[in-house]
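> I'd like to ask you about the structure that follows.
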Amino acid sequence: ANWAAWSALLNGVRDGETVLDAGLREGIAFPFECRNGGCGKCKAVLAYGKVGLGLFQTSALSDAERAAGKVLLCCATPESDVEIEYVPQQTPGGIPAKLWSATVESMEKLSPDVMRVYLRLDAGRRLEFYAGQYINVLLDNGEKRSFSFATAPHVNDRIELQIRRIPGGRYTTHVFEAMKPGDKVSFEGPLGSFFLREAGDKPIIFVAGSTGFAPVKSMLEYAFHRNMRRRMILYWGVRRLRDLYLADLPRQWEREHPEFRFVPVLSDPAPEDAWTGRTGFVHEAILADFPDLAQYQVYACGSVNMVEAAYPAFRARGLSQDDCFSDAFRLAPKIRTRDTELVKLGGRA
């Protein structure tokens, strides 16, 4: 392989920061996809030094690979000076991440625990990005919180975020209790290799869990804007009816675009919901509808648990690895160590 080497001093990496995050912050062309130890795209060789490894799937990094000195950069936190050998990758989509400043233009509570926030870029700037990518909001203590673009790329003078409140979450509590129009927000972006690929003619299945709807909204609105004629189906999985916080929008898309279909799925509907639609886990609804996925592309965005459950099930139905794209998010950006109890996942705090 065309390996390249990158050396990082420990004092150049922030406390609790992974090798992947540190490298991306410095403009290093590390390969990556899920950022959660599930896909194996950020696999590299630890040539020198010591790292701690967070939680990851053995399908992404086997015991034999670990014994051979390989690590997953998204789960590796340096414990000494390190030298990493990796295969360079260009910035996804070719758009380099930058630092940006913006002003909160407006806010709207879409449900009891989801806030829509519009950011207007300062100085009339415009931001290029690909549908499905995300930004890192920068907190005053150096921490970051990741949120996907909910706007399509052709609307590039302001940014829509859909922020789910996480109990005890530092930033999401601030959004719901203190943030107001006129506040300043600093962020970096665009980030991520989860974005809509326009080439090809395979039908697309979008899988959204909770606020995983945000990047899917960006992708679909971009696809409609580009007049894409591929068949597209959105499965949106939530717990209760009130969690379908923008359900009228995909129903409108269904009326306006004959190639699009919307399937909402409730995992735990309340009696007062009077729900007569699909129930259960969202990926199981797809498995019930599609015995063979070999001729489809799948874009899945939601909690790590959702993506981890869906990916092997879809592969077992014939979905090619090259046709499966995912963005899994966790409650907080810090990587837990292997002996830490696995926390419940489902949003960004």
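The values are calculated or read from the model by the stated rules, or taken from the named source; none is laboratory data. In this text the structure is predicted, and so the values were computed from the model without any measurement. Positions of Cβ are generated from backbone atoms using ideal geometry, with glycine treated the same way; all protein chains shown enter the neighbour counts. Ligands, DNA and RNA are stripped out before the accessible areas are found, and what is left, the full protein with its side chains, is counted by its heavy atoms. Shrake-Rupley method; radii C 1.70, N 1.55, O 1.52, S 1.80 Å.
> State the number of residues belonging to the stretch 92-130 that are in contact with a Lys or Arg (Cβ under 9 Å, 6 or more places away or on another chain) and among the small types (Gly, Ala, Ser). Outline the logic, then answer.
The initial filter retains those residues of the stretch 92-130 that are in contact with a Lys or Arg (Cβ under 9 Å, 6 or more places away or on another chain), namely 97, 100-116, 118-122, 127.
Still in the running and among the small types (Gly, Ala, Ser): 97, 101-102, 106, 111.
Total meeting the criteria: 5.
> Report whether or not Val298 is of a type in the set (A, V, I, L, M) and farther than 11 Å from Ile204 by Cα. Break it down stepwise before answering.
On the way: of a type in the set (A, V, I, L, M): yes; farther than 11 Å from Ile204 by Cα: no.
In short, no.
> OK, next. Please tell me if Tyr235 is closer than 20 Å to Leu196 by Cβ, within 22 Å of the chain's Cα centre (by Cα) and surrounded by 15 or more Cβ atoms within 10 Å (Cβ to Cβ).
Details: closer than 20 Å to Leu196 by Cβ: yes; within 22 Å of the chain's Cα centre (by Cα): yes; surrounded by 15 or more Cβ atoms within 10 Å (Cβ to Cβ): yes.
Spelling it out, Tyr235 is indeed closer than 20 Å to Leu196 by Cβ, within 22 Å of the chain's Cα centre (by Cα) and surrounded by 15 or more Cβ atoms within 10 Å (Cβ to Cβ).
> Would you check which residues across the stretch 112-123 are open to solvent by 20 Å² or more (accessible area, probe 1.4 Å) and in a strand (DSSP E or B) and list them? Break it down stepwise before answering.
From the stretch 112-123, those open to solvent by 20 Å² or more (accessible area, probe 1.4 Å) are 112-113, 116, 118, 120, 122-123; that's our starting set.
Arg116, Tyr118, Arg120, listed by residue number.
> Does at least one position in the stretch 85-96 carry a residue that is over 21 Å from the mean Cα position of the chain (by Cα), at pLDDT below 90 and surrounded by 19 or more Cβ atoms within 10 Å (Cβ to Cβ)?
Checked against the condition, which is being over 21 Å from the mean Cα position of the chain (by Cα), at pLDDT below 90 and surrounded by 19 or more Cβ atoms within 10 Å (Cβ to Cβ), the stretch 85-96 yields at least one hit.
> Looking for whichever is at pLDDT below 85 and either closer than 30 Å to Asp322 by Cα or open to solvent by 30 Å² or more (accessible area, probe 1.4 Å) (or both) here; the options are Ala47, Ala29, Ala67. Which one fits?
Working: Ala47 fails: at pLDDT below 85; Ala67 fails: at pLDDT below 85.
Exactly one of Ala47, Ala29, Ala67 is at pLDDT below 85 and either closer than 30 Å to Asp322 by Cα or open to solvent by 30 Å² or more (accessible area, probe 1.4 Å) (or both), namely Ala29.
> Next question, about the same structure. Just name the residue that is nearest to Ser146 (Cα to Cα) out of those in the stretch 1-24 that are modelled with pLDDT of 70 or more and outside any loop (DSSP other than H, G, I, E, B).
The qualifying residue nearest to Ser146 (Cα to Cα) is Asp21.
> If you don't mind, there's one more thing I want to ask. Yes or no: Gln252 open to solvent by less than 20 Å² (accessible area, probe 1.4 Å), more than 27 Å from Thr172 (Cβ to Cβ) and not hydrophobic (A, V, I, L, M, F, W, C)? Reasoning before the result, please.
On the way: open to solvent by less than 20 Å² (accessible area, probe 1.4 Å): no; more than 27 Å from Thr172 (Cβ to Cβ): yes; not hydrophobic (A, V, I, L, M, F, W, C): yes.
For Gln252, the condition - open to solvent by less than 20 Å² (accessible area, probe 1.4 Å), more than 27 Å from Thr172 (Cβ to Cβ) and not hydrophobic (A, V, I, L, M, F, W, C) - is not met.
> Search the stretch 143-170 for residues that are free of Cβ contacts under 8 Å to residues at least 12 places away in the same chain and pair each with any residue that is basic (Lys, Arg) when their beta-carbon atoms are under 7 Å apart and the residues are at least 6 apart or on different chains.
Listed by first residue and then by second, the contacts come to nothing, as the list is empty.
> Could you go through the stretch 196-214 and let me know if any residue there is more than 30 Å from Ser267 (Cβ to Cβ) and under 20 Å from the mean Cα position of the chain (by Cα). Break it down stepwise before answering.
Here is the first cut: in the stretch 196-214, the residues more than 30 Å from Ser267 (Cβ to Cβ) are 198-201.
Checking the rest, the ones that are also under 20 Å from the mean Cα position of the chain (by Cα) come to 198.
Yes, because at least one residue in the stretch 196-214 is more than 30 Å from Ser267 (Cβ to Cβ) and under 20 Å from the mean Cα position of the chain (by Cα).
> Note down all Cβ pairs under 8 Å where the first residue falls in the stretch 216-231 and is surrounded by 15 or more Cβ atoms within 10 Å (Cβ to Cβ), the second is among the aliphatic types (A, V, I, L, M) and assigned to a helix (DSSP H, G or I), and they're at least six residues apart or on different chains.
Listed pairs, sorted by first residue: Lys217/Leu249.
> Of all residues in the stretch 186-200, which are hydrophobic (A, V, I, L, M, F, W, C) and either under 22 Å from Val298 (Cα atoms) or open to solvent by 10 Å² or more (accessible area, probe 1.4 Å) (or both)?
Filtering the stretch 186-200 for residues hydrophobic (A, V, I, L, M, F, W, C) gives 187, 191, 194-196, 199.
Answer for the stretch 186-200, where residues must be hydrophobic (A, V, I, L, M, F, W, C) and either under 22 Å from Val298 (Cα atoms) or open to solvent by 10 Å² or more (accessible area, probe 1.4 Å) (or both): Leu191, Phe194, Phe195, Leu196, Ala199.
> Applying the selection to the stretch 288-308, what residues are open to solvent by 40 Å² or more (accessible area, probe 1.4 Å) and touching a helix residue (DSSP H, G or I) at 6+ places or on another chain (Cβ under 8 Å)? Steps first, please.
Pass one, the stretch 288-308, residues open to solvent by 40 Å² or more (accessible area, probe 1.4 Å): 288-289, 291-292, 295, 305, 308.
If the condition is that a residue be open to solvent by 40 Å² or more (accessible area, probe 1.4 Å) and touching a helix residue (DSSP H, G or I) at 6+ places or on another chain (Cβ under 8 Å), then no residue fits.
> What are the residues in the stretch 81-127 that are over 30 Å from Leu244 (Cα atoms) and in contact with a Leu (Cβ under 6 Å, 6 or more places away or on another chain), if any? Break it down stepwise before answering.
If we filter the stretch 81-127 for residues that are over 30 Å from Leu244 (Cα atoms), which is where we start, we get 81-101, 122-126.
Those that are over 30 Å from Leu244 (Cα atoms) and in contact with a Leu (Cβ under 6 Å, 6 or more places away or on another chain): Asp81, Ala97.
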